[in-house]
Number of protein chains: 4
Amino acid sequence: MTISAMRDLSMTPATENGLRRKPILRKIGVFTSGGDAPGMNAAIRAVTRAAIANKLKVTGIRRGYQGMIEGDFIPLRSSDVSGIIQLGGTILRTARSKEFRTPEGREKAWQQLQNAGIDAVVVIGGDGSFTGALTMSQEYNISFVGIPGTIDNDIYGTDYTIGYETALNSVVCAVDKIRDTAVSHGRIFMVEVMGREAGLLALNSGIACGAEVILIPESKEQHDALKRFLDKGYKRKERSGIVIVAEGDEPGGALKLAENVRCEHPELDVRVSILGHIQRGGSPTANDRINATRMGVAAVDALLDDQKSIMIGIDNGRIVQVPFNKAVKLNHSFDRELLEIQKMLNI
Amino acid sequence: MTISAMRDLSMTPATENGLRRKPILRKIGVFTSGGDAPGMNAAIRAVTRAAIANKLKVTGIRRGYQGMIEGDFIPLRSSDVSGIIQLGGTILRTARSKEFRTPEGREKAWQQLQNAGIDAVVVIGGDGSFTGALTMSQEYNISFVGIPGTIDNDIYGTDYTIGYETALNSVVCAVDKIRDTAVSHGRIFMVEVMGREAGLLALNSGIACGAEVILIPESKEQHDALKRFLDKGYKRKERSGIVIVAEGDEPGGALKLAENVRCEHPELDVRVSILGHIQRGGSPTANDRINATRMGVAAVDALLDDQKSIMIGIDNGRIVQVPFNKAVKLNHSFDRELLEIQKMLNI
Amino acid sequence: MTISAMRDLSMTPATENGLRRKPILRKIGVFTSGGDAPGMNAAIRAVTRAAIANKLKVTGIRRGYQGMIEGDFIPLRSSDVSGIIQLGGTILRTARSKEFRTPEGREKAWQQLQNAGIDAVVVIGGDGSFTGALTMSQEYNISFVGIPGTIDNDIYGTDYTIGYETALNSVVCAVDKIRDTAVSHGRIFMVEVMGREAGLLALNSGIACGAEVILIPESKEQHDALKRFLDKGYKRKERSGIVIVAEGDEPGGALKLAENVRCEHPELDVRVSILGHIQRGGSPTANDRINATRMGVAAVDALLDDQKSIMIGIDNGRIVQVPFNKAVKLNHSFDRELLEIQKMLNI
Amino acid sequence: MTISAMRDLSMTPATENGLRRKPILRKIGVFTSGGDAPGMNAAIRAVTRAAIANKLKVTGIRRGYQGMIEGDFIPLRSSDVSGIIQLGGTILRTARSKEFRTPEGREKAWQQLQNAGIDAVVVIGGDGSFTGALTMSQEYNISFVGIPGTIDNDIYGTDYTIGYETALNSVVCAVDKIRDTAVSHGRIFMVEVMGREAGLLALNSGIACGAEVILIPESKEQHDALKRFLDKGYKRKERSGIVIVAEGDEPGGALKLAENVRCEHPELDVRVSILGHIQRGGSPTANDRINATRMGVAAVDALLDDQKSIMIGIDNGRIVQVPFNKAVKLNHSFDRELLEIQKMLNI
């Protein structure tokens, strides 16, 4: 990925002890917004401790933009973020806020931040959360720096978003279990995984599980692969298989698909499993913790550098900064390599 | 549990080296039947090796009674069951067979066993599988000994059935993940777990997860608890909770229930998760492996003792034998202790 | 197990709503002592909530008897024990206290309890912890009720101790991983598991992992099995195997044993793995949570019944009460059944 | 990472159906060599199926170079690699071979490959394995293509080696458990992780676990951090902490270190845990399976392209080819970013 808008930050000079102080910044806020993702707590911990190491005070804003409007704030000390790096979910909770979409809501939020003496804010979330931050920073004199936290991994300008890798492994672990039953009974399982607009999670989990067919919104030709697979099953006893279906593949999802297949192939034993929310929780993987930590430190660093309206990302292993304006354009780029591999390995 | 029909076998005398031989028994069959359950492979391994240790030959019958009818047999040597104790599912596969319910089907099965020289059979499955064995052994001169393998733990005469404990832990692990999201968002999750006629899995997993409400077919008063819980939520912000719903609690399951709740409490954020087949697979827990091993050895022991039409069970930690006739009367006894505990701990 | 000293409590009458109140008992203490065990938090939660449900106040005593002496107390409300049922370790911490073994130490502890208005105490720990409680209750007018919490499962009068099952599964999970390498390289692994005086954990984990040899303090004949196994390996290529060694099997443990084997069999590739503290932590299994919860509720129940110097246990699935005097006689009874099974399945 | 020697392969043209055939290549061999690593089976599966998809025959060479010398070969069909993607270890086993280091050994190996009609070979292993392949390909007319499979992630020219990520997560999971006990008892744990010459695994797992101190061969200044941490503990009650120690940090490892600390700080409760071989096994993570699959396909692709003496790697997410000559120069480059982060977050 080559993104001209990014700055490679690996060369950023630091003072001798790695700490930097700016006279003007005294207190920052941090919050999580949108869907929860494993690793958000690791990011909260890193933001908090990096800020404290740089002599900043930290305020946790609970329940996203709604909590900002309501002034649902708690002070965060170093000990408050102890022992949370391995926990799923978010200790600051999260919520969706209709009120924040109105000018009145944002004015209330601004007042609350003012009253609390918060000079700048780190927002951990997805594209919707960054859009909100961008809007507010254009209306009021407040800096936002973002950290991409979403299991969808659909943010432009970063190879990683916090939580995606954990979700991927949760899917793989669940499908490994379902495979036991599929093989034992000679059944075909339609497993529906998250991904309304993108098949990234479906495609990667399908490769990792050795799925026989993977259906994703990006490629309709996969339905031919399904047809071929089912026709083959018709002629063989004991045919079993895993079909991974991205939520957004077609209306009705895996349930509808299974219904259709049962009509055309009444001889096959077809079952459905909708993984749902077990994909979202759980203890984060090592990389989700490490990347969340790196991005949390970099977010504080950016605020100390007087940056605003940028998201911290990781590109080719390095910390980069991406303007919100660019990041919020969802990244649905799609690499056909895995699809070709899938096709080749399941003939 | 005191079952007069059981024999306590812990005192069974054995020859000096623990091995016993009977001149008449030369080859046994073993198969799995009904739904697959984690630990079935551990039982297959134990049956095979215990038989070989007693100089018997072992034939694996694939795909349950259907495979028996079709003569889908494979020889099992010691090395064939090496490295399978930790695998979910069943290497012998399983299937349901309509044909076996007909006299013609059973006659074919009998011919196949005769042709293969199989003198006696170990059947690993649930009450339906034992009923089939009982019927056939009344029609033909063939001995069956059963091992209870079902994640439902609903067999009379045994405290354990293979797979139940693994399923219980799979549910608990999944709900732990869902709890992360429930708490982060202030949501109420309706989690549907297996159990069409019995709430055992729901009740135990609910206690283990600290569920706020547990709905089971055995007790309708729990719906009052749900009502109280939801009414309380109405008055509080950030209310989150887990409601465990046994499949058989009422028509429509968790989906229907959530619909009703959303009508009455539009202010609550209610989501549904149907755990489905992830409850069935996976590597068996230590106890499921150990109990499967013990029962596998005891099943071969029973055949060597010229027993027939009995199921091996575990009662108060000891191996017992239960006549098929008794075992197939499903055990829906239900201990109110856990329900009382649930009520007390969630006030 | 038949223990005349136990009372079967399943028939205990309760008032209509399951709650009982005694005028005299107003505040109880609860603490964990000795080695930490997964499930202790589930017990703390159950004690706290069952007490509150019965209108009692609850004080958490931190760091065991040492914290009692120092008055390291915290109030426990229902919300303080929310979200802890799935956590390993103990939120009240634990410690060993030399001072408590002196009359002066116990007097200080008594004063602290008096000052805090604590009328009775629930102690969660092993035999050492119960001995301390017994001594103190003989010297001062304070009631103790115990809950067995130790991964060693060596307490007389109960089939379960909190944490044992989790530890067993942790060992099995670790050995499953080691087996991958053992088989891939044709190596023999000596895996040392906890158990200084008893081989219970070693024997059960060995059966569950299909270990080739299991060495436990209770049976020296297993060393012959090791010899036979190694001699066989001498004649075969690609020989791999898992030897489970209980800590207490012999001086020097697995390291010393491996050294000896390497001397006698330089042709074998022998490695050692000492599982150590990974056996002790982690999220408790479903049963450890459920049994901890049941025993926590029963402990409060016993205090309300004016009981003292008894341990809550589980016998044949039912809650029982066992006098401390009996419980502290460590249970090293040993069932040869598993050893015979091991011998038979690995010939 | 910018490596001029690499070719970016994402633009490689392919025929219409993604398959390519070369008349000259008919049968390839595949083997695993050196230490086993989770994901090797996924690579074996990908190589086998990609080769078959391209009309090649595949021979599995068992037990590395030693098996090559002995002609320990098995044919691999598509079904032989079914159901192995999720298994740790290697179904082809692995071994070290002294004989292969001699010209006589390599001549025997060459003869065996000739006799079996093997035209080219895919070697899955580390730098030692590639060196062997390079030597042999210089002496005989046989092409080798390598896939980096080692949990050490120390190969030059690739961001990933198969197995490293799984090992990292195994360490993190183990330390999470140990943390339960450390906190409960107020203890300091010295946890020794793999890494004789490099601290990569130690540094990353330490960040992911929130370790208080991380000791690695690359940076001696960390010993000052340890000293400061211990001195602080001296003044506080209930001090607990995790110190991650890379094997190669200093002679004697964690055991020796703990001894020294106990001498200087007798007031601290210091324990040691050597994770050992549990780091090596287990089911591979999603990424280890995906990357192994991608590299397996790319290795066959390279042989079809008439490439030799190159290793397949992944650089910035893309498949690259790296000459063996470069890859075998171990990559001990070391990024100070994580070390700075660790320092900042644990003040």
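The values are calculated or read from the model by the stated rules, or taken from the named source; none is laboratory data. In this text the structure is predicted, and so the values were computed from the model without any measurement. Every residue, glycine as well, gets a Cβ built from its backbone with ideal geometry; the counts of neighbours run over all protein chains shown. To get the accessible areas, we keep the full protein, side chains included, count just its heavy atoms, and leave off ligands, DNA and RNA. Shrake-Rupley method; radii C 1.70, N 1.55, O 1.52, S 1.80 Å.
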Report task. Scale the Cα Rg of the stretch D:122-165 by the rule-of-thumb value 2.2 N^0.38 Å and send over the ratio, two decimals. Result -> 1.19
Report summary line: Per the helix-only model, chain B has a calculated mean residue ellipticity at 222 nm (DSSP H runs of ≥4, -39500 (n - 2.57) each, divided over all residues, rounded to the nearest 500) of -12500 deg cm²/dmol
Requested in this report: Quantify, in whole percent, the carbon and sulfur part of the accessible surface of the stretch A:46-148 (1.4 Å probe; protein heavy atoms only).
Outcome: 46
Query - Among C:29, C:94, C:168 the positive-end extreme of the charge dipole of the stretch C:21-174 (Cβ point charges) - result: C:29
Report summary line: With Rh as the Kirkwood radius over Cα pairs, the stretch D:42-133 has Rg/Rh of 0.96
Requested in this report: Excluding residue D:219 itself, calculate the net charge of residues whose Cβ lies under 11 Å from the Cβ of residue D:219, where each Lys or Arg counts +1 and each Asp or Glu counts -1.
Outcome: -2
Requested in this report: Note every residue of the stretch D:91-112 with a reduction of at least 30 square angstrom in accessible area, all protein chains present versus the isolated chain, computed with a 1.4 Å probe, or write none.
Outcome: D:93, D:94
Query raised in the report: Among B:258, B:186, B:245, whose Cα sits farthest toward the positive end of the charge dipole of the stretch B:164-279 (+1 at Cβ of Lys/Arg, -1 at Cβ of Asp/Glu, about the Cα centre)?
Result: B:186
Query raised in the report: Summed for both chains, how many Å² of accessible area, to the nearest 100, are buried between A and B with a 1.4 Å probe?
Result: 2700
Query - Fraction in percent of alpha-carbon pairs per bin - 10 Å, chain B - result: 6, 25, 29, 19, 13, 7, 2, 0
Requested in this report: State, to one decimal in nm, how far the label point of residue C:115 lies from the label point of residue B:325, with both points 7 Å from Cα in the Cβ direction.
Outcome: 7.1
Query raised in the report: Using alpha carbons only, how many degrees (0 to 90, rounded to 10) separate the axis of helix A:103-116 from the longest principal axis of chain A?
Result: 50
Query raised in the report: Counting other Cβ atoms within 10 Å of each Cβ, which trypsin sites (Lys or Arg not before Pro) in the stretch C:300-347 have at most 15 and sit in a DSSP loop?
Result: C:329
Requested in this report: Among DSSP beta bridges whose residues both lie in the stretch B:164-279, state the antiparallel percentage, nearest 5.
Outcome: 5
Report summary line: accessible surface per residue for the protein assembly as shown, probe 1.4 Å, DNA/RNA/ligands not counted, whole Å² -> 38
Report summary line: With T = 4 °C, eta = 1.567 mPa s and Kirkwood Rh from C-alpha pairs, the Stokes-Einstein D of the stretch D:93-220 in µm²/s is about 74
**Report entry** Eligible lysines near residue A:329 by straight Cα distance, threshold 19 Å, same-chain separation 8 or greater
**Finding:** A:308
Report summary line: For the stretch B:161-242, listing GluC sites (Glu not before Pro) in a DSSP loop whose Cβ sees at most 10 other Cβ atoms within 10 Å gives B:221
Report summary line: With the full set of protein chains present, the residues of the stretch D:304-347 whose 1.4 Å probe accessible area falls by 20 Å² or more relative to the chain alone are D:316, D:337, D:338, D:341, D:344, D:345, D:347
Query raised in the report: Once both axes come from the Cα atoms, what is the angle between helix A:127-139 and the longest principal axis of chain A, in degrees from 0 to 90, rounded to 10?
Result: 30
Query raised in the report: How many Å³ per residue does the convex hull of the Cα positions in the stretch B:234-347 occupy?
Result: 179
Query raised in the report: Near residue B:35, within a Cβ-to-Cβ distance under 13 Å, what is the net charge of the other residues, with Lys and Arg +1 and Asp and Glu -1?
Result: 0
Requested in this report: Please go through the residue pairs B:227/B:343; B:177/C:55; A:220/A:343; C:177/D:98; A:256/B:227 and name each one whose alpha carbons sit more than 25 Å apart in this structure.
Outcome: B:177/C:55; C:177/D:98; A:256/B:227
Report task. Could you state the angle between the C-alpha long axis of helix B:40-53 and the longest principal axis of the C-alpha atoms of chain B, as a value from 0 to 90 degrees rounded to the nearest 10? Result -> 20
Requested in this report: Quantify, in whole percent, the carbon and sulfur part of the accessible surface of the stretch C:164-280 (1.4 Å probe; protein heavy atoms only).
Outcome: 51
Query - Positions from the stretch B:264-278 whose accessible area shrinks by 50 Å² or more when the full protein complex is built, not the chain alone, probe 1.4 Å - result: B:277, B:278
Report task. Over the alpha-carbon set of the protein assembly as shown, divide Rg by the Kirkwood Rh and report the Rg/Rh ratio to two decimals. Result -> 0.95
Report summary line: Contact order relative to length for chain A, counting C-alpha pairs under 8 Å separated by 6 or more residues, stands in percent at 24
Requested in this report: Could I have the simple spin-label model distance between residue A:335 and residue B:259, label points 7 Å from Cα toward Cβ, reported in nm to one decimal?
Outcome: 4.3
Query raised in the report: Which value in Å is the Kirkwood Rh of the stretch C:164-280 over different Cα pairs?
Result: 13.9
Query raised in the report: For the stretch C:171-272, which trypsin sites (Lys or Arg not before Pro) are in a loop by DSSP, counting at most 16 other Cβ atoms within 10 Å?
Result: C:196, C:220, C:235, C:236, C:237
